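Before any comments, here is the structure.
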Amino acid sequence: MSPVKVALSLACVLVMALLAACGSSRMTAVPLYVPSGPVSERILSEARIAGNIAFGLYQNGQYRQALSGYQTALSNLFLIDHEQEIANIRHNLAQVYLALADYDRAQKETETALAANRRFGFATRVALNLATSAMISDRRGRPDAALALYREAIVILVDNNGSLRDLAIQYNNCGYLLLGQKKYSEAIPEFNQALRYALSDNAHAEIAASYSGIGRAQLALGQAEAALVAFSSALNADKATENSLSIAQDLKDIGRAWEALLQPEKAVGFYDRALRINTSLRRFDRMRKDINDLIRVQTGIGNTKAAAELRQVLRDLEKSTPGQ
């Protein structure tokens, strides 16, 4: 995943939602499907279990396995024609295809889910679908279209009393999109707006995402001291969520800030801590980057023995995990 800490909720839960009124993005509530018999209840339960397992696989980066799990859930839901949950699974499938860089299928699933959720009037889901379309547009090199879709999602959430957390997510999405375009000064206000919503809702994951984005923009603008404060705040928020991968990334960002402040010896400890987490998680891709960063810093401060030991660790890692 990119540095964007996009926190879109993919869990397979039913969300009470809202139907589009003519000429407005305001939506009104519609009833949800209720299983009418034991067979439908069993099929729905099995589909939700398969979807939840697939979501866990997706979070762990096991995208092919997640794809299979979601397809199993979808097949079950077709048996009882549960249109609302089918739309939800299609949204989740789009996220998997997005991770696999299969943008055509991602767009197709998103458009199908979006049309259904507009019909059902599920405002929150409509906003999520629009955000997924925005991500696809961004990956295809259409940042202006992506930003417009994020803005549309924000309008829908505001008009339909969307949650503060969902608003924080979309403002963070806007911030990271601008960050990717190197529009650092424009990105910071987006992150600040996201932060205001996230703090009001005590949404730690979004608080962390906002501080991380602010720190990266500040670091790019040469404001290393301010970035260090922001990254430290992101770390504290991510510790509240117990998200190990995000904690490791925050530690790396803090190390980068210390390097920018020309104090590389202080960066070593933070890179070491990130490496320890990624080693425990067996994230070999991250481990390689951590080790290379440590080699660079240790070499720069004249610790040649430590650098040599790290090169051997890297060689051993490459031998034991080729291509992983």
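The values are calculated or read from the model by the stated rules, or taken from the named source; none is laboratory data. These numbers come from a predicted model, not from an experiment. Heads up, the Cβs are rebuilt from the backbone with ideal geometry, glycines too, and the neighbour counts pull from every protein chain shown. When the accessible area is computed, the model is the full protein with side chains, heavy atoms only, and any ligands, DNA or RNA have been set aside. Shrake-Rupley method; radii C 1.70, N 1.55, O 1.52, S 1.80 Å.
Here are 253, 238: which of them is among the acidic types (Asp, Glu), in contact (Cβ under 8 Å) with a residue 40 or more places away in the chain and not in a loop (DSSP other than H, G, I, E, B)?
When all the criteria are applied, what remains is 253.
Go over the candidates 209, 205 one by one and state the one that is on the phi < 0 side of the Ramachandran plot, at pLDDT 95 or above and open to solvent by less than 20 Å² (accessible area, probe 1.4 Å).
Answer to the check: 209.
Which residue is nearest to the chain's Cα centre (by Cα), if the candidates are limited to segment 216-260 and must be surrounded by fewer than 18 Cβ atoms within 10 Å (Cβ to Cβ) and β-branched (Val, Ile, Thr)?
241
For segment 269-324, how many residues are surrounded by 13 or more Cβ atoms within 10 Å (Cβ to Cβ), part of a loop (DSSP other than H, G, I, E, B) and either of a type in the set (Val, Ile, Thr) or in contact (Cβ under 8 Å) with a residue 24 or more places away in the chain (or both)?
Count: 4.
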